[in-house]
Amino acid sequence: MRRAALILALLLLAARLEAQGTSAQLTGTLCPGNGCLTQVIAGDRGSVHVGGTWVGTLSFESSTSPCTVYAPLTVLPVNGPAVAVSSTTTNGAWFYAASGAQCLRVRFTEFTSGTAQVTLFVGSTAPSGPVTITGGTGGLTALELDARLPLPVDAQVTASIDTTGLATAAGQTEILTSLGSIDTKLPALAGGRVPVTCDNCAGGGGGSSGGLTDAELRASPLAVTGTFYQATQPISGTVAVSNFPATQPVSGTVTATGPLTDAQLRATAVPVSGTFWQTTQPVSLAALPALAAGSATIGAISNTSFNVGNFPATQPVSGTVTATGPLTDTQLRASAVPVSGPLTDTQLRASAVPVSGTFFQATQPVSLATLPALAAGANTIGAISNTAFGATPPTLTKGTQGATGFAVQALVDSGRTAVALSYTTAAPTTTDTVVTALIKASGGVAAAGAQSITAAASKTLRITAVNAQIRTTTAALPWAVVALRMSNTTTCTATSSVVAYLAQGGTAAAIGNVGQFSTQFPDGFELVAGGSFCISVSGNVTTNVLTFSAQGFEY
């Protein structure tokens, strides 16, 4: 009986409200978005209904104009003890009284999984359709509102009630009397909210309106203990590596895999302690260093690189110096010899003074203020006189061939190679044109034709004779000019300097008539390494046959 009376009381309370419902399926924490339902309200009372399968925390909130800042909204459950709450983790239905509020909002403040079906009812238009309420033993087990709560007064209600253990009529009267005075038992709203007194809060109570404001909640941090969050937290917004500092602190042990590169090894000096090398270190060279001329052999001194002037006038002596035999005048004068008692020059020179012990180094320093006066013909230190061979050359008699003598060879004949240049054409041009097929033969070996002729490496090319010939193949008087040119580079062109012009002409306008020009250079004409020779030719007709040759040598 008591359960039936409670159901009836709820229906009567719901019938006092007109309803207009707004529904949404919440599946996340994005607000506005899939994590909240917002409704503009026309009245200050209504209800909230939550269904579906989900895991998380839904919070009830309200806001005044312009509906941008929301505060927690306290609601009372439709089915169950009259305990005010502002959030839920389970399905159910709640009444609210939000005086002065213009917007309501239900949102996921924590979300793990699932879909929550949320409906907000505010006073506007009464829903239509039947309402079915099913009760069970021990209390209400389900509240199915096909047309959503709250209901209008004239709504059709169909109820199926378990009559087992119903109360008596007297008990029902008592309950109805108690429910009739329920309005006087509810606390008065403060600012559109149900006031809550917190006996155990720090400071002895709530804010000025009975509940803690947002500023009061943020005024000081609250200690939180226990596990109150899921293992994996949802993240909104964009997460990128750029959000973190460029250098991250590292704690613990860091293990490097793989060998370090040369750049990594050289990045920071590594301190080394202990003995880790042998007394004599091996040395490996891919190639010997470039040495100055005359010192190509490491450790050797050539006869052209030693100069007494390279050393100090006086050299220090260390170790033991051994003298064998009598000292020479130079050795005696090299350093002062302590003498007790005066000795005359004659006494010093009268006999050799024996010296024992080691008192000089293998190589003695030499110091000269000036060179001594030397005999004529021997004023160069280290020169070899004509008597150093152990024999005197024979006396030569003018006009008589001697049986013996010294062989003499000119420097130009030392290691020289014969060179010949040649060129032939059956169609010489009528304008001065550089030849591109001039052939050079060195030592009897001909190279491919080229425009520029150069000397061999480290050699000098000397031209001693040139020859040019022109022959006509028609009944016309033949003539041609060959210009021998020289350049100080390895490329010789038509603008290079002319060394000699070789002009030749025939004697008659008849086929086969020949003109020729030859000349010699008594001292030769030389081309050093880095320069080049070339020739340019021109003639009166292109039917003549022109030949050119030059002789010389390289040394």
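Here, each number is a calculation from the coordinates, and none is a lab measurement. Please read all numbers here as calculations on a predicted model, not as lab measurements. Using ideal geometry, Cβ is built from the backbone for each residue, glycine included, and neighbour counts are taken over all protein chains shown.
Miscellaneous remarks
- Amide N of the range 417-452 lying under 19 Å from the label point, which is placed 7 angstrom from the Cα of Thr464 along Cα→Cβ: 417-422, 440-445
- Sequence of Ile535, Ile41 once ranked by neighbouring C-beta atoms within 10 Å, starting from the fewest: Ile41, Ile535
- Linear extension gain, Thr344 paired with Val85, 0.36 nm per residue minus alpha-carbon span: 79.7 nm
- Inter-part distance, the range 27-94 to the range 479-519, computed on C-alpha centroids, equals 115 Å.
- Taking other C-beta atoms within 10 Å as the exposure proxy, Thr547, Thr320, Thr225 rank Thr225, Thr320, Thr547 from fewest upward.
- Across the range 417-443, the residues whose backbone nitrogen lies under 20 Å from the label position 7 Å along the beta-carbon direction of Gln520 are 417-422.
- Residue order, fewest to most surrounding Cβ atoms within 10 angstrom, among Ser284, Ser99, Ser367: Ser284, Ser367, Ser99
- Neighbours of Gly56 by Cβ distance under 12 Å: Lys/Arg scored +1, Asp/Glu scored -1, total 0.
- For Ala441 and Thr473, a Förster radius of 30 Å and the Cβ-Cβ distance give a FRET efficiency of 0.65, rounded to the nearest 0.05.
- Subtracting the Cα-Cα distance of Gln25 and Gln233 from 0.36 nm times their residue separation leaves 72.8 nm of extension gain.
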